[in-house]
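The values are calculated or read from the model by the stated rules, or taken from the named source; none is laboratory data. This structure is a prediction, so every number in the text was calculated from the model and none was measured. Neighbour counts run over all protein chains shown; Cβ positions are idealised from the backbone, glycine included. We work out accessible area using only protein heavy atoms, side chains counted, and drop any ligands, DNA or RNA first. Shrake-Rupley method; radii C 1.70, N 1.55, O 1.52, S 1.80 Å.
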Amino acid sequence: MQLFCFHCAGGSSNMFGEWELPGMDIVGIDLPGRGIRVNEPFLDQFDQAVEDLANKVISLRNPRQTWGVFGHSMGGLLAYEVSRRLQEYQVQCRILSGINPINRYGGGVKLLDEDDHTIVGRLADLGGLPKKYKDHPMFVKWFAPILRADLSLVKTFRYTETKSTIRTYIVNGLDDILTRKAGEADWKEVIPENMEYVSIEGGHFSILQNPEVVHRLVKSSFKKLGVTSC
C-alpha cells in the first residue's frame, strides 16, 4: 500500500523520513518552497495547493497498489481535500491528526497578525521545533515566511460539505491544546459515517513519534473491508 503523507505548517516531507511501516510505502509530499521543492515559490491559496498536491499524488500513484492519505495539522486539511477530490481513484482510507472538525477552518487566522518571533515561538511551544530556535534571529528571519505562507493556506481554506465513503480516522493527542475542545461528537457532524475518533497520549505532535498508530489504523481499514493485508 502507498500512504501519501502531507506535512504541517512549517514542515516538510522530512517529517516522515524515518517512518518504516510494514507493508506500506510511505510517500511524503512537499509543498512548494520546502524540502525537495525548496526553489519553487510558495503558494498562498488553498485551492492552488490542493491542485498541486493532487497532481503529485496522481503522478506518483502505483495503480497496482491500494493507497491512502495521512495529514498532520495543516496537512490534515490538505489530506482531507486531496482525498475528497480524488475519490474516483478509490482511496482506501485517510488519517487526519492534530486537527479540529474541518468545518471550523477558514476565514481568519489570528496568528497571522502577530510578529515573526511570536509566530515561530507558538510553533516551538507546541513542540514543533526546539525552543532554542524561537529566539534565534537568523532562524526566525528564515523560518517565519514559510509559516506565514502556510498559515495563509489555512486562512483561504473553505469547507465543502460532501458525502464520502472514504474510511476516515481522526487522531488527536489528549494534551493537544489546539484540539482538546472538540471531540467525536463534533466530528460526526461533519463525517457522520465511516469515521473513527482516536485519542492518544501526548500533545499536538505526538503522532509523529508514534507512527505505529497510523499502521494500526490502516490495518483496521483493511479489516473492515475484509482484506487481510496491506
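F46 meets each of the listed conditions (1) open to solvent by 10 Å² or more (accessible area, probe 1.4 Å); (2) within 25 Å of L151 (Cα to Cα) apart from (1). Among the residues of the stretch 91-146, those identified as among the polar types (S, T, N, Q) and either touching a strand residue (DSSP E or B) at 6+ places or on another chain (Cβ under 8 Å) or touching a residue at least 24 places away in the same chain (Cβ under 8 Å) (or both) are Q92, S97, N100, N103.
Taken together, the residues in the stretch 20-41 that are within 25 Å of G127 (Cα to Cα) and either free of Cβ contacts under 8 Å to residues at least 40 places away in the same chain or open to solvent by 20 Å² or more (accessible area, probe 1.4 Å) (or both) amount to 11. Here R84 meets each of (1) within 23 Å of W187 (Cα to Cα); (2) part of a loop (DSSP other than H, G, I, E, B); (3) open to solvent by 10 Å² or more (accessible area, probe 1.4 Å) with one exception, condition (2). Report yes if some residue within the stretch 98-113 is among the aliphatic types (A, V, I, L, M), at pLDDT 90 or above, within 20 Å of P211 (Cβ to Cβ) and open to solvent by 10 Å² or more (accessible area, probe 1.4 Å); otherwise report no. There is no residue in the stretch 98-113 that is among the aliphatic types (A, V, I, L, M), at pLDDT 90 or above, within 20 Å of P211 (Cβ to Cβ) and open to solvent by 10 Å² or more (accessible area, probe 1.4 Å). Restricting the stretch 147-174 to residues that are in a helix (DSSP H, G or I) and open to solvent by 40 Å² or more (accessible area, probe 1.4 Å), the residue that is farthest from V50 (Cα to Cα) is R148.
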